[in-house]
Amino acid sequence: MPDIELEIGHVLFVDIVGYTKLLIHEQLEHLEKLRDIARATETFRAAQREGKLMRLPTGDGGALVFRTSPEEPAKCAVEIACELKKHPELQVRMGIHSGPVKEVTDLSEQGNIAGAGINIAQRVMDCGDAGHILLSKRVADDLEQYAKWRPLLHDLGSCEVKHGVSLALFNLYSNEFGNPERPKKFAQDQTFRTGLAAKVEIDQPAAPKKSIAVLPFENLSDDKTNAYFADGIQEEILTRLSRIADLKVISRTSTQRFKSASAHLPDIAKQLGVANILEGSVRKAGDKVRVHVQLIDAENDTHLWAERYDRQLTDIFAVESDIAANIADTLQAKLTGAERRAIAARPTQNTEAHDLYLKGKHHWRNFYAPGYERVCEYFEQAITLDASFAPAYTGLSLYYSWAAANALFRPDVWPRAEEYVRKSLSLDDTLPEAYNALAAVEIYYKRDWDAAERAFRRGMELNPNFSDLHAHYGLCLAYFGRFDEAISQKERAMQLDPFFPGTNLHYGTVLFFAREYDRAAAQLAKTLDLYPDNAAVHQLFGDVCSKKHMKHEAITQWCAALNLTGRHEDARVLEQVFATSGFDPAVRTVAARELEQLDAKHARGNYVPPAHYVFAHVRAGNLEHAFTWLPKMAEEPDWFALQLRVNPILDPLRDDPRFEKIACSVVLK
């Protein structure tokens, strides 16, 4: 079988409504007329001249796959719709989606097109009636960046298609074209939920009976600023449950997706891959708290267990423990003695320290955004009130270690990260989160891989449901070229935390490092369906497309990343130079601009990781300058240094003997 090359196609799917009810000669006449109209559009002819168009005929219409930009299928659809006004006998519907496609040879040895981009475009179209031009959310998000399209995009919400999958759709219309009526399928779809994000189509086995997702608890407090407390109680109950090896427990970062969504529980459970759902509410008033929870069998939508607790704040840990124990008993999970002790743990006697800790965890979700230093302040205040509060020390260690590992902070914060994690483990050596922080200290700061791997394994023994450990371990395995193991760990992390942006992004990163470019492209396309405004995903997707020689798509993705990070002028220059001079000059021009920005940042006294200079010089074609910075990159205690042997961006340097010498200087015990 020949190699299959995957690329991102911008697909317009078209068919004739009521085609099978026509007489044979009418079918042929209608089909030929539709094809003539499509072929006559300026967008069709321009893409065909440039060799940027693929065609897939079907019995009652066909698909046009543009290799240019997401605008092209929309422009073509509008041109077709305007021309169809002259032919009222032709009842046509259209659907548009951008996604992975590939040219294949079918059983008759004819050229064909396959892939998720084609399949989803057809499903988008299938949701419409005559006259509709429907768009997937991904396409709508792309078009929304352009002022001329924005007023033409009308959010329809979600529509269920094949296999119980839902798609978030938009209707494209104006007074001149399209159909403004709500598609009939939406009225018929009893599971329609306005505003619920599109589900991702993942082949999943049946959810194990002993599996659970703890949905975000509703804050019923009169003081709405107590939302942090409700979120914190939900997370702590989830964390206690996750310590039980006989249960599959979904991470909070994925369940958080459903905080404000109104959806059927069976639908949520299916997306998360679990059989059971825990819902709850929290009301906090003064030193009293009310917690109400109910455990639900999602498949049957039946209650398995429910309880209401009216307690003093000092009893909150006992409430959490009792809830976890009752759920384990209801689901018939087997608990070891260590697991019973873990779910009954009381990390502090000081309710004020616990409250500060919950505030720190709440702000943790902003991940190094402006104001993120409040995380550190809350954790420090917590240990001031209770010097034996181990989780707060772990939080401080993670705050510093993750920032240093990602080169967001200067390397001189590593001693603090190490001090805090060792203090935490001296107080309680059964905290899985602490072993994740310890692994970071050992591999990035100490360069001791054996110690880091021991920390990973110990953490996973203590909490087999802790997705962060699997995700981090998988990334570290990739540094050593152990890609099969790395991908296995990343897949486990995806099972436990399928909707967290970081889990999805770094799964794509590992596939990129492994040079599995097709798989990386498919993973990142899926991630953008979930998070179209994630700049890091667009940047990595552009890198993948560049390696696959998909130059236009690479430019499109990089421009999106630049715009999302406020570098609008760089995005404009990138597009302009690409259009006038080609791919390589465009990449070099923007890299030169980036180098100027790095110099300006450094001149202001801000920390600039050497790796940023290396990558920018490589893109700019300044390989000698890149080699000047490369030894400094190798010395830095961050994740960039460990990427030297596996990151494809550094490939232009690899044939030089200096590269191997520098790479060998990164020694791990």
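The values are calculated or read from the model by the stated rules, or taken from the named source; none is laboratory data. Bear in mind that the values here come from a model prediction, so they are computed numbers and not experimental data. Virtual Cβ from ideal backbone geometry, glycine too; neighbours counted across all protein chains shown. Ligands, DNA and RNA are excluded from the accessible area calculation, which covers all protein heavy atoms including side chains. Shrake-Rupley method; radii C 1.70, N 1.55, O 1.52, S 1.80 Å.
Which value at 222 nm does the chain reach when only helices count, each DSSP H run of 4 or more adding -39,500 (n - 2.57), with the total divided by all residues and rounded to the nearest 500 deg cm²/dmol?
-16000 deg cm²/dmol
When the surface is traced with a 1.4 Å probe over the full set of protein chains, Met550 keeps roughly 20 Å² accessible.
Note on exposure: Glu380, Glu29 ranked by accessible area (1.4 Å probe, complete protein assembly) read Glu29, Glu380, with the most exposed listed first. Applying 1/(1 + (r/R0)^6) with r as the Cβ-Cβ distance of Thr384 and Gln91 and R0 = 56 angstrom yields a FRET efficiency of 0.20.
Here's how it looks for Thr58: its modeled amide H is under 5 Å from those of Ala63, which are all 5 or more places away or on a different chain. Full extension of the segment from Arg482 to Arg410, taken as 0.36 nm per residue of separation minus the current Cα-Cα distance, would add 23.0 nm. Taking the average, over residues, of other Cβ atoms within 10 Å as the packing measure, peptides 332-344, 487-499, 437-449 rank 437-449, 487-499, 332-344 from highest down. Karplus-derived 3J(HN,Hα) values for region 348-362, using 6.51 cos²θ - 1.76 cosθ + 1.60 with θ = phi - 60°, are 8, 8, 9, 5, 5, 5, 5, 4, 5, 4, 5, 5, x, 5, 5 Hz; glycine and proline are entered as x.
Taking 20 Å as the limit for the C-alpha separation, the pairs Lys210/Lys490; Lys184/Lys259; Lys33/Lys86; Lys210/Lys270; Lys86/Lys137; Lys259/Lys361 exceed it in the case of Lys210/Lys490; Lys184/Lys259; Lys86/Lys137. FRET efficiency for the Thr314 to Arg645 pair, using the beta carbon distance and R₀ = 60 Å, is estimated at 0.65. Computed on region 289-402, with alpha-carbon pairs under 8 angstrom and 6+ residues apart, the relative contact order is 17 percent.
Using the Cβ-Cβ distance between Arg572 and Lys601 with R0 set to 25 Å, the FRET efficiency from 1/(1 + (r/R0)^6) comes to roughly 0.75. Our note on the geometry: Cα centres of region 412-466 and region 246-303, 30 Å apart. Within region 502-596, the trypsin sites (Lys or Arg not before Pro) that combine a DSSP coil assignment with at most 16 other C-beta atoms in a 10 angstrom radius are Arg515. Across region 266-277, rounded Karplus estimates of 3J(HN,Hα) from the backbone phi angles (6.51 cos²θ - 1.76 cosθ + 1.60, θ = phi - 60°) give x, 5, 4, 4, 5, 5, 8, x, 10, 9, 10, 10 Hz, Gly and Pro being marked x.
Rolling a 1.4 Å probe over the protein chains gives Leu408 an accessible area of about 90 Å².
Among Ile383, Ile80, the sequence by solvent-accessible area, most first, with a 1.4 Å probe is Ile383, Ile80.
Helix 535-547 and the longest principal axis of the C-alpha atoms of the chain enclose an angle of approximately 60°.
I'm spelling it out carefully: the read-out is Cα Rg over 2.2 N^0.38 Å, the candidates are (1) 1.04; (2) 1.47; (3) 0.94, and one was derived from this structure. Which label? The listed entry that was calculated here is (1).
Round to a whole angstrom and tell me the spacing of the C-alpha centers of region 328-344 and region 480-552. Their Cα centres are 35 Å away from one another. Here each label is just a point 7 Å from Cα along the line to Cβ, and for His264 and Asp129 those points are 2.3 nm apart. Only Cα pairs under 8 Å and 6+ residues apart enter the sum, and on that basis the relative contact order of the chain stands at 9 percent. Simple spin-label estimate for Tyr146 and Val666 gives 4.1 nm between the two label positions (7 Å along the Cα-to-Cβ direction from each Cα).
Here the contact order of region 480-526, divided by its residue count and restricted to Cα pairs under 8 Å and six or more residues apart, works out to 33 percent. In order along region 452-457, the phi-based Karplus estimate (6.51 cos²θ - 1.76 cosθ + 1.60, θ = phi - 60°) of 3J(HN,Hα) comes to 5, 5, 4, 5, 4, 5 Hz; Gly and Pro are listed as x.
Calculated on the Cα set of region 337-386, radius of gyration then Dmax: 13.2, 43 Å. Relative to the longest principal axis of the Cα atoms of the chain, the long axis of helix 483-496 lies at roughly 80 degrees.
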